[in-house]
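Heads up: the structure comes next, in structure tokens.
The values are calculated or read from the model by the stated rules, or taken from the named source; none is laboratory data. Just so it is clear, the structure is predicted and the values come from calculations on it, not from any experiment. Cβ placement follows ideal geometry from the backbone for every residue including glycine, while neighbour counts extend to all protein chains displayed. When the accessible area is computed, the model is the full protein with side chains, heavy atoms only, and any ligands, DNA or RNA have been set aside. Shrake-Rupley method; radii C 1.70, N 1.55, O 1.52, S 1.80 Å.
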Number of protein chains: 4
Amino acid sequence: MANERYALIFSCEDQLGITAAVSVSLEACGANITEAHQYNDEETGQFFSRIEFAFVGDVRIDELTNKLQSVAERFEMEWEVRNLSLRKKSLILVSRFDHCLADILYRWRIGELAMDIVGIVANYPRETYQHQSFDGLEFHYLPITPETKREQEGQIWDLVKKHSVDLVVLARYMQILSTELSARLEGRCINIHHSFLPGFKGAKPYHQARARGVKLIGATAHYVTQNLDEGPIIEQDVERVSHHDTADALVRKGRDIERRVLSRAIAWHLQGRVITSGPKTIVFSD
Amino acid sequence: MANERYALIFSCEDQLGITAAVSVSLEACGANITEAHQYNDEETGQFFSRIEFAFVGDVRIDELTNKLQSVAERFEMEWEVRNLSLRKKSLILVSRFDHCLADILYRWRIGELAMDIVGIVANYPRETYQHQSFDGLEFHYLPITPETKREQEGQIWDLVKKHSVDLVVLARYMQILSTELSARLEGRCINIHHSFLPGFKGAKPYHQARARGVKLIGATAHYVTQNLDEGPIIEQDVERVSHHDTADALVRKGRDIERRVLSRAIAWHLQGRVITSGPKTIVFSD
Amino acid sequence: MANERYALIFSCEDQLGITAAVSVSLEACGANITEAHQYNDEETGQFFSRIEFAFVGDVRIDELTNKLQSVAERFEMEWEVRNLSLRKKSLILVSRFDHCLADILYRWRIGELAMDIVGIVANYPRETYQHQSFDGLEFHYLPITPETKREQEGQIWDLVKKHSVDLVVLARYMQILSTELSARLEGRCINIHHSFLPGFKGAKPYHQARARGVKLIGATAHYVTQNLDEGPIIEQDVERVSHHDTADALVRKGRDIERRVLSRAIAWHLQGRVITSGPKTIVFSD
Amino acid sequence: MANERYALIFSCEDQLGITAAVSVSLEACGANITEAHQYNDEETGQFFSRIEFAFVGDVRIDELTNKLQSVAERFEMEWEVRNLSLRKKSLILVSRFDHCLADILYRWRIGELAMDIVGIVANYPRETYQHQSFDGLEFHYLPITPETKREQEGQIWDLVKKHSVDLVVLARYMQILSTELSARLEGRCINIHHSFLPGFKGAKPYHQARARGVKLIGATAHYVTQNLDEGPIIEQDVERVSHHDTADALVRKGRDIERRVLSRAIAWHLQGRVITSGPKTIVFSD
């Protein structure tokens, strides 16, 4: 028990004494800081911090929470304390291309992504993923057409509510969420877009990239908002390409970028390392 | 003499026997191929090639050119043979920020960029670059205002004509060339744009990048066309940034990307390694 | 049939007329070159080339092979013509860590690695890989101890012979092959070493990397030779790390590097893009 | 004055209350934390931190130093408070290749490297660097032979003492410092080695890299110690190369890596972002 890690994540207006007040509270409860990040946004005057800690002796989390409550009121913080050993509940949405799904499941099985997967939703039937082991995982085949979109999203939303889902992952889910569902999932829905945003928004980004003749292609993991491909960016990466890469070759190279970018974004989200600030994110990466 | 390198650069419709015809001509004149690249664009059916060669015995360049002329007619090639030891004449344009200029001059002095610099044009006075040695180089202070733009561009064009300039480098020249001058310089004017195009076209791209919260910033070297920031891309590169990078920090990190991207593009252009194909380039990089 | 791709791979002493002789033979048989690479090693005077082609009309491969035989004799070439649609037979060896295996199988299933997997050999039992689908693949549990090493390698060798194996992949197979088996598999056995060679040879390279305090870690795919970790390098890649990365974190980051480096090396080997030249490789990558 | 930035850099055994004690002292003196990093080395149980701060009202640095003195005694810290606006005194040593020198001077002139350059020492005469402006900088031509090495190093040491030099930069200074001088400069002498250490120690690393056939080359900035090429690594970077890169091409590509790696290491050292811990560094990079 005493080795459990917690994370205090907070933001407020930057002012004198924040760190002192927080760290005195932590010390008073026997909480040793094991990792700490802070960021002072000089443009907005906002202060953001993530402090990971463990109790040296007894776990005095309630006492600590009370103390932090006072500090938070004094500095008008938005704040949260999380027990990092409690796993987030995740729902994964996928379409025909399952490279991101396969990657997430592998990382999850070997413990790299510490989360509870409460279900997989696909708009393709189970046999599309016949070589993937879903052993112990709920699989929901929820096909979608323009006519059934409202209903299908209702089924997704039911799953989110039923399982108290903390994170919805669009693992190359090739459907655009409605404005309504996007709004309901704000801050807890991560999409992987197969371009280096803001370049090549919308459909067929690799074909757009080839048409424009770029020399690097990329992928972007971002929180879903009501504005398509405009949500806060969590992570991006790129790889070098050249004139001789066909659209197929770009798709192939892109798969590698997509899966590593998405898995980093998921890991950071699960560990409370991502704070959104308007259209942007602060990422206290490990 | 016999060690001089030549490059045959050509394109035509892809068809049987191109390489055979060209290589037989080369062999017949005692020209040994030292480096060869080709690219078959399956979308357009076009064939592009660059063949570097040296004569084993006597230099029989006129004889070879005649033979290649016949081959070119047969296959309806666009073609060119260049003596790579003949240096291209370059004119460098710069504004207040001179990191690309400093970098180009350094590489030129140590022989990394084999070209003749026929002049430096700046819209800032000589003292702006006081710590740079222009020893032996013509410096032209050509200030520009909206009213004098036409006249100033006339002076640039005069320099281009006077020196038979093969390459105009916009080394962070913060003026938009007129449609007219852009057209005149098409295919021989390289600009460095300080973003990873097509993201963040136009002014203040690093500020745009910060506002959007991207996790990588980049730079793009491209041929100047009449459409601003839309010309064929020659080279791009990126570096990782994060939320804590201020606009100033992005500018600082960007300088390193800009100068290496621009110098690569210049080097490849000088060596005849870049072929434009519509809105794109084929780059047979070394 | 007519769309089948072939590759001519050859090396010889550099001399006038090689390309002419080869390309005339190709043209004479109606073979259109679709991709071509060559490399003149100025240090050794050796010439290396890979030419991909397809027949425009009838497949005249026997006629072509005869013609090329004459050319090869004239220039004293080592040469090979391969029908790229014929899949190589591969045997994959794995130990406890199966991230490379999982990655290879995924890429193979979606057609990214075009090969026939004739078997998987593991020194751990089937349940170690319980979530991996080996549907249709032979799985051989061949445990190994110092005492049984000779015998176990005999079993591997029997599989190689039985299936006429073209490629043995050591996909994090944590056993050192004997000098004898290494010699037998020379040129057709690829290992992934989890360091950026030549740094950190031998055991526990990530721990060595952490002890030395390097700022990047890497992985190396190389052909296995009798000298451990000294074989010709096919591909390498790295990722940035820092002081706060524990050995476990390095292992985690390393998994991503290993799998992409190994899969690139396999793909290039399968397509005949790798030519060994003494202790080094020439890689005509796509 | 009130906007001056200070940095508290310290290390001690990890224990409860360090951050609380330090941050309470800072708050008590009106010092607002603007950037903070910490690192708990779980292997050694050591705690490292760098806290940047500015006084909100009056500068109360003496009062703060007194308070921190008590804290430091309580936790047995090694510590230092630095006024970041006071520039470090640097001496730059160079041999024939001056790309790192040119780069450092450029960055210094535009304010990217905030230091006072008290002199340039070269074992080649002034005309070797004829196109570099040393305006206002002392240039010392100190040639060296095996016989005069002891004497020449004495002259360097005299300069270090005379100017109270905080940092000696070996900017491709192709001489091995004696054990004695290395010891005297420990912790304040940065070298750029032109390989990705620990690969290719010693002489001609690019030739070693070519001989081994690596697919990436790199450079390493490290503190100089008495063991050649074994000092704590501050920064490293790499670039992709291939079989067709001659040793000359590697040298050319290497120049770009060397200069950016060295300049990052210098910048981080100047800002107190590098803490050595035995054979390694902790780098709290910006």
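Computed over all pairs of different Cα atoms, the Kirkwood value for the hydrodynamic radius of the stretch C:135-240 is 15.1 Å. Where Rh denotes the Kirkwood radius from the mean inverse Cα pair distance, what is Rg over Rh for the stretch B:58-176? Reported Rg/Rh (Cα atoms, Kirkwood Rh): 1.12. The mean sequence distance of close C-alpha pairs (under 8 Å, at least 6 residues apart), as a share of the length of chain D, puts its relative contact order at 15 percent. Taking every alpha-carbon pair under 8 Å whose residues sit at least 6 apart, the stretch D:26-129 reaches a relative contact order of 20 percent. Can you list, shortest first in nanometers, how far C:ASP135 lies from the same residue in the other copies, with each label 7 Å from Cα toward Cβ? Listed shortest first, these distances are 1.5, 7.4, 7.4 nm.
Inter-copy label distances at C:LYS204, using a point 7 Å along Cα-to-Cβ, come to 3.6, 5.4, 5.5 nm with the shortest given first. Here's how it looks for B:GLU35: its modeled amide H is under 5 Å from those of B:GLU52, which are all 5 or more places away or on a different chain. By DSSP, the beta bridges lying fully in chain A are antiparallel in about 70 percent of cases. The GNM of chain D, with springs linking C-alpha atoms under 10 angstrom apart, assigns the highest mean-square fluctuation among D:ARG273, D:ARG96, D:ARG172 to D:ARG96. With R₀ fixed at 25 Å, the C-beta to C-beta distance from B:LEU86 to D:HIS131 puts the FRET efficiency at about 0.55. Ligands, DNA and RNA left out, the accessible area of chain B computed with a 1.4 Å probe is 48% carbon and sulfur. Near C:ASN83, within a Cβ-to-Cβ distance under 9 Å, what is the net charge of the other residues, with Lys and Arg +1 and Asp and Glu -1? Net local charge, C:ASN83 excluded: +1.
Taken residue by residue and averaged, Cβ atoms of other chains lying within 10 Å of the Cβ of C:203-215 number 4. Near the amide H of D:VAL121, within less than 5 Å, lie the amide hydrogens of D:ILE92, D:LEU93, D:VAL94, D:HIS140, all on another chain or at least 5 residues away, with H placed in the peptide plane. Remark: chain D projects, on average over all directions, an area of 16.8 nm² (convex hull of Cα atoms).
Relative intensity of the stretch B:169-214 on a log10 scale, I(q)/I(0) at q = 0.14, 0.20, 0.29, 0.34 Å⁻¹, equals -0.41, -0.72, -1.10, -1.25, per a Debye sum over C-alpha point scatterers of equal strength in the absence of solvent. For the stretch C:216-286, what percent of Cα pairs sit more than 18 Å apart? Above the 18 Å cut-off, the stretch C:216-286 has 45 percent of its Cα pairs. In the protein assembly as shown, the DSSP-assigned H stretches of four residues or longer account for a calculated mean residue ellipticity at 222 nm of -10000 deg cm²/dmol, using -39500 (n - 2.57) per stretch and the full residue count as denominator.
Peptides A:115-128, C:188-201, B:204-217 ranked from most to least packed give C:188-201, B:204-217, A:115-128, packing being the mean of other C-beta atoms within 10 angstrom over each peptide's residues.
Rounded to the nearest 5, the antiparallel percentage of DSSP beta bridges internal to the stretch B:1-57 is 100%. Residues whose amide H falls under 5 Å from that of D:GLY187, counting only those 5 or more places apart or on a different chain, are D:VAL224, with hydrogens built in the peptide plane. Within the stretch B:16-89, the percentage of alpha carbon pairs spaced more than 19 angstrom apart rounds to 36%. The HN-Hα couplings worked out from phi for the stretch C:78-88 by the Karplus form 6.51 cos²θ - 1.76 cosθ + 1.60 (θ = phi - 60°) are 8, 8, 7, 10, 10, 7, 5, 7, 7, 7, 6 Hz, whole numbers, x standing for Gly and Pro. Rolling a 1.4 Å probe over the heavy atoms of the protein chains gives chain B an accessible area of 40 Å² per residue. Measuring between their Cα centroids, the stretch C:185-246 and the stretch A:42-96 lie 39 Å from each other.
Against the empirical curve 2.2 N^0.38 Å, the C-alpha radius of gyration of the protein assembly as shown lands at a ratio of 0.97.
Among A:VAL71, A:VAL168, A:VAL274, the largest mean-square fluctuation in a Gaussian network model of chain A, built with springs joining Cα atoms closer than 10 Å, belongs to A:VAL71. Across the stretch C:3-74, the relative contact order, built from alpha-carbon pairs under 8 Å that are at least six residues apart, equals 41 percent. State log₁₀ I(q)/I(0) for the stretch A:14-53 at q = 0.20, 0.22, 0.33 Å⁻¹ as given by the Debye formula over alpha-carbon point scatterers of equal weight, solvent excluded. Log10 of I(q)/I(0), two decimals: -0.63, -0.73, -1.13. Each residue of the stretch C:39-52 was assigned a 3J(HN,Hα) from its phi angle through the Karplus expression (A = 6.51, B = -1.76, C = 1.60, θ = phi - 60°), giving 8, 9, 7, 5, 6, 9, x, 8, 10, 10, 8, 9, 10, 9 Hz with x at Gly and Pro. Inter-chain Cβ neighbour count for A:16-29, averaged per residue, equals 6 (cutoff 10 Å, partner chain atoms only).
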